[in-house]
Each structure stands twice: as C-alpha cells, then as structure tokens.
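Enquirer: This is the structure I want to talk about, given as structure tokens.
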Amino acid sequence: MKLVDIYKFYKEKYPKYIIMIKCGYFYEIYGEEAYIMSKVFGYKIKDVSGLERAGFPINSYNKVINRLNKLKINYLIYGGEKVRFKDNNYDKYLSDVYER
C-alpha cells in the first residue's frame, strides 16, 4: 500500500487529525495537514501525485509532538499513538492557513 493510500484511509476515519506516517528517517504529512504543519513549523510543501506533502526528520519528533500537544491539535501517528484533545484546535489552525 502506498503512503498516500494509507493517509487517505486514516483521513477518512480521523478527519480532524494530523496524520503522520513514518517513511525511512522522516515523517510525512499529506493534504490539508501539510499546510497546518507549514504554518506551525515553517515546513515546505511539495506536490506528490496531486496531494500536498510536508515532512520532518525523525530527530525532530519530540519537538513536533510537544508543540502539537501544546497547541492542542489532534494527531495520529501511523503504527503508533493517537492523541485526541477535548478542545481540538485543528480547525483553528486550518482556517488560519486559508485566511492568508
């Protein structure tokens, strides 16, 4: 299964989560979440098969997780943990992206 297919499968189940998929020495984020990650962390966005993608190296994992926890943005790590906040700020950060 391609990473994009994995993303689409989980995105359907968890629409208000940042889905992170480990790929070698990086975590990849697709779709609208790539824009959230770009806004929060300054990550560059690339187009992969018609879907936006951002990523970060595995050595930045703790920094990313700590920041998402602090901002209360739901996230799911493929093959790992799922974190859900009662007051999820996913939509807030997504709307900030589209207001630019």
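Bear in mind these aren't lab numbers, they're just calculated from the coordinates by the rules spelled out. Values in this document were obtained by computation on a predicted structure and should not be read as measured data. Cβ: placed from backbone, ideal geometry, glycine included. Neighbour counts: every protein chain shown.
Enquirer: Let me have the 222 nm mean residue ellipticity of the chain computed from DSSP H runs of 4+ only, each contributing -39500 (n - 2.57), with the sum over all residues rounded to the nearest 500. Mind dumping the intermediate values first?
Expert: On the way: 4 runs with 41 residues, N = 100.
Mean residue ellipticity, 222 nm, calculated: -12000 deg cm²/dmol.
Enquirer: Here is a follow-up. How big is the C-alpha Rg of the range 14-61 next to the rule-of-thumb value 2.2 N^0.38 Å, as a ratio?
Expert: On the way: Rg = 10.0 Å, N = 48, 2.2 N^0.38 = 9.6 Å.
Dividing the Cα Rg of the range 14-61 by 2.2 N^0.38 Å gives 1.05.
Enquirer: Ok, one more. Using a 10 Å cut-off on Cβ atoms, rank the peptides 21-28, 79-86, 58-65 from the highest mean neighbour count down.
Expert: The peptides rank, most packed first, as 21-28, 58-65, 79-86.
Enquirer: Just to check, using Stokes-Einstein with a Kirkwood Rh over alpha carbon pairs, what's the diffusion coefficient of the range 47-92 at 25 °C and 0.890 mPa s in µm²/s?
Expert: For these conditions, the coefficient is 203 µm²/s.
Enquirer: If you project the alpha carbons of the chain onto their three principal axes, what span does each projection cover, largest first, in Å?
Expert: 33, 29, 27
Enquirer: To continue, here is another question. Arrange the following residues from fewest to most other Cβ atoms within 10 Å of their Cβ: 90, 30.
Expert: Lowest to highest Cβ neighbour count: 90, 30.
Enquirer: Taking H as built 1.01 Å from N, whose amide H comes closer than 5 Å to the amide H of residue 43, not counting residues under 5 places away?
Expert: The list, which skips near neighbours in sequence, is 38.
Enquirer: About the Cα centre, and with charges only on the beta carbon of Lys, Arg (+1) and Asp, Glu (-1), how big is the dipole of the chain? Nearest 20 debye, please.
Expert: Numbers: 19 positive and 12 negative charges, 58 e Å.
Here the chain has a charge dipole of around 280 debye.
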